[in-house]
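Q: Here it is, the structure in full.
What follows is calculated from the coordinates using simple rules that are stated; it is not laboratory data. Here the structure is a predicted model, which means the values were calculated and not measured. With ideal geometry, Cβ positions are generated from the backbone for all residues, glycine too; neighbour counts draw on all protein chains shown.
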């Protein structure tokens with residue numbers, strides 16, 4: 001006897017499986033699209049900043065997360081928006097029109113210099129220690145033998161001029177990698193230290209120098225500083241990285257023009 005794919009006459013298991021999968025798949029999409037709206041939503045209109053309607057079903061109910069190291073809780077979605085008054089001017093009234101910086105774009109958090117307003121607290125390791133620290137604070141991590149040790153090297157900006165000297169290395173204790181070089185840009189024996197993110201540094205052991213093409217020598221004086229000489233907060237990290245990233249476009253007027 002041939003049931004034609006039916007386990008019991010009148011019931012098609014293939015159809016049932018297909019419908020169950022379809023319902024599950026649509027339910028999964030609905031769930032994921034609600035969950036991914038916990039941060040960054042509701043959206044706002046480009047022209048006037050007015051927020052879109054939250055809707056009835058498209059935003060998930062609030063969920064509370066417990067932060068590590070007894071730093072409290074956070075509930076999302078919370079509906080808070082970035083209230084920074086950015087130094088930008090629209091070049092046209094239509095949606096999607098580009099903005100033109102009106103101040104110092106490398107410090108005003110615009111374009112490639114933009115950064116998120118993270119918490120102004122230190123990042124910590126799983127065991128509660130300061131995550132990013134200079135080698136002078138951590139006596140267990142050191143630059144591997146045979147690798148170029150940048151301490152003592154001169155730092156040169158994108159204009160080929162000397163900006164300062166590397167005086168220490170800041171490491172990530174969680175991953176045992178270098179995160180920053182500490183550079184003394186002070187003149188006449190004065191100490192004035194700034195942090196240089198390692199992705200922006202080109203260390204040359206043969207020439208005993210560190211080249212930074214993102215910014216020029218005189219720009220180092222404007223690098224955002226951390227409040228503490230031995231630690232850096234999450235917000236300070238973003239500001240520092242944003243400053244160097246902004247230099248990729250704004251360090252020189254020529255960089256904002258086309259290559260042709």
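Q: Which percent, to the nearest 5, of DSSP beta bridges fully inside the chain are antiparallel? Each step should come with its number before you reach the end.
A: Values: 32 of 35 bridges.
Given both bridge residues lie in the chain, the antiparallel proportion sits at roughly 90 percent.
Q: Still on this structure, I have one more. Between 0 and 90 degrees, rounded to the nearest ten: what's the tilt of helix 13-35 against the longest Cα principal axis of the chain?
A: Tilt of helix 13-35: around 40 degrees.
Q: In nm, to one decimal, how far is the modelled label at residue 159 from the one at residue 73, with both set 7 Å along Cα→Cβ?
A: Those two pseudo-labels are separated by 5.4 nm.
Q: Sticking with this structure for a sec: Just how many % of Cα pairs in the stretch 111-256 lie over 19 Å apart, if you round to the nearest whole percent?
A: Working: 5456 of 10585 pairs.
Tail fraction, whole percent: 52.
Q: Normalised by the number of residues in the chain, what is the relative contact order in percent for Cα pairs under 8 Å and 6+ residues apart? Mind showing how you got there, number by number?
A: Numbers: 405 pairs, mean separation 39.9, N = 260.
Across the chain, relative contact order equals 15 percent.
Q: Between 155, 166, 76, which gets the highest mean-square fluctuation from a Gaussian network model of the chain, Cα cutoff 10 Å?
A: 76
Q: Based on alpha-carbon centroids, what's the gap between the stretch 147-215 and the stretch 44-73 in Å, whole number please?
A: Distance between centres, Cα-based: 40 Å.
Q: Given labels modelled 7 Å from the Cα in the Cβ direction, how far is it in nm from residue 82 to residue 121?
A: Roughly 2.2 nm, to one decimal.
Q: Next question. Where does the chain land at 222 nm, in deg cm²/dmol rounded to the nearest 500, when only DSSP H runs of n ≥ 4 count, each adding -39500 (n - 2.57), divided by all residues? Numbers along the way, then the final one.
A: Numbers: 2 runs with 40 residues, N = 260.
Calculated from helices alone, the mean residue ellipticity at 222 nm is -5500 deg cm²/dmol.
Q: A follow-up question, please. For the stretch 111-256, what does the relative contact order come out to in percent, with C-alpha contacts under 8 Å and a separation of six or more? Don't jump to the answer; show the numbers that get you there.
A: Working: 287 pairs, mean separation 42.4, N = 146.
Taking the mean separation of contacting Cα pairs over the length of the stretch 111-256, I get 29 percent.
Q: Once you've got the GNM for the chain with C-alpha springs shorter than 10 Å, pick whichever of 233, 22, 125 has the biggest mean-square fluctuation.
A: 22
Q: For the chain, take the longest principal axis of its alpha carbons; what is the angle in degrees between that and the long axis of helix 234-250, to the nearest 10 within 0 to 90?
A: The angle comes out near 80 degrees.
Q: Here is a follow-up. Which one, 53, 138, 108, has the greatest fluctuation when you compute a Gaussian network model over the chain with C-alpha springs under 10 angstrom?
A: Maximum fluctuation in the GNM of the chain, among the listed residues, is at 53.
Q: Next question, about the same structure. Hey, rough spin-label estimate for residue 147 and residue 57, points 7 angstrom out along Cα→Cβ, what's it come to in nanometres?
A: Here the modelled spin labels are 5.4 nm apart.
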